[in-house]
1. Classify the chain from the C-alpha gyration tensor, please: rounded if a/c falls under 1.5, else prolate or oblate depending on whether a/b exceeds b/c.
2. With charges only on Cβ, +1 for K and R and -1 for D and E, what is the dipole size of the chain about its Cα centre, in debye, rounded to 20?
3. Choose one answer from Leu62, Leu33, Leu89: the residue with the largest mean-square fluctuation in a GNM of the chain with alpha-carbon springs under 10 Å.
4. Using Cα springs under 10 Å in a Gaussian network model of the chain, which residue among Pro90, Pro150, Pro214 shows the largest mean-square fluctuation?
5. Cα to Cα, under 18 Å, and not fewer than 8 places away if on the same chain: which aspartates and glutamates meet these conditions relative to Lys100?
6. How large, in percent, is the carbon and sulfur part of the accessible surface of the chain at a probe radius of 1.4 Å?
7. Setting aside same-chain residues fewer than 8 positions from Lys139, which aspartates and glutamates have a Cα under 20 Å from its Cα?
8. Please state the shape class of region 86-227: rounded when a/c is under 1.5, otherwise prolate if a/b exceeds b/c and oblate if not, all from the C-alpha gyration tensor.
Amino acid sequence: MLALLQTEWFKLQKSNILPILLVGPLVGLLIGLTANMGISGVPNEWHLTFMMMNLTYALLFLPLILGVLASVICRYEHQAGGWKQLLALPVTRGRVFVAKYLLLMLLVMIIQLLYLGSLYAVGVIQGFTDPFPIDILWKSIFGGWVATLPLVALQLWMSIWFKSFAAPFAVNVVFTLPAILAVNSERFGPFYPWAQPFSMMYVGGSTNDVFFVPWDQLLTVVGGSFLLFFIGGYVYFNRKAV
């Protein structure tokens, strides 16, 4: 497994992955620097800025970037019989799938940490005087990462399925855009997987709950959809003709 992870990481280094990792945090930085600070009713300046940055980052850019990353990590295998060459090695298909999934989740964590850094940069540039609420923000950053578990599994499944780079991204766009409406719905929002990154990064939620969402929502929506998409992708890859 370690050798597989090293191989996948080496291929990513040849894919100019850095701009993809930076686009979300940079957009968040731009929004934070241009945000209107005249809104009241939040604990401090950090919370307000973070909430405004999340409206674009967690709702749109984070879910969309997942599709791009998944397509990139499968790009070499879709070229010139790459799947046959990879699976001809003494590795199982299951380990290949898990290795790609773990690497994708590592990349998402890097993006989340860069996003946290962009928030801190906004505070420094704007001269925030309130204390940095790390005890709240770590729950938001880590919670957003947890919320991407099922989405990464689905995007990896789609990227293995389709040879085209654009097809998995198009599928992701189709399901990401309705999240803008879903988060405003008390009926559908808590059960829509693409709305979970925003919900779990929303610092205005109850701080008594884990990641600002109830346990039942975390386990049923995030956990349930993760099992569905991960097992579906895993089974499909093991049966895929190459």
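The values are calculated or read from the model by the stated rules, or taken from the named source; none is laboratory data. The structure displayed is predicted, hence computed values, not measured ones. Every residue, glycine as well, gets a Cβ built from its backbone with ideal geometry; the counts of neighbours run over all protein chains shown. Side chains included, ligands, DNA and RNA excluded: accessible areas come from the protein's heavy atoms. Shrake-Rupley method; radii C 1.70, N 1.55, O 1.52, S 1.80 Å.
1. Prolate.
2. Values: 12 positive and 8 negative charges, 252 e Å.
The dipole of the chain has a size of about 1220 debye.
3. Among Leu62, Leu33, Leu89, the largest GNM mean-square fluctuation belongs to Leu89.
4. Pro90
5. Glu8, Glu77
6. 69
7. Excluding near neighbours in sequence, the set is Glu45, Asp130, Asp209, Asp216.
8. Here region 86-227 falls in the prolate category.
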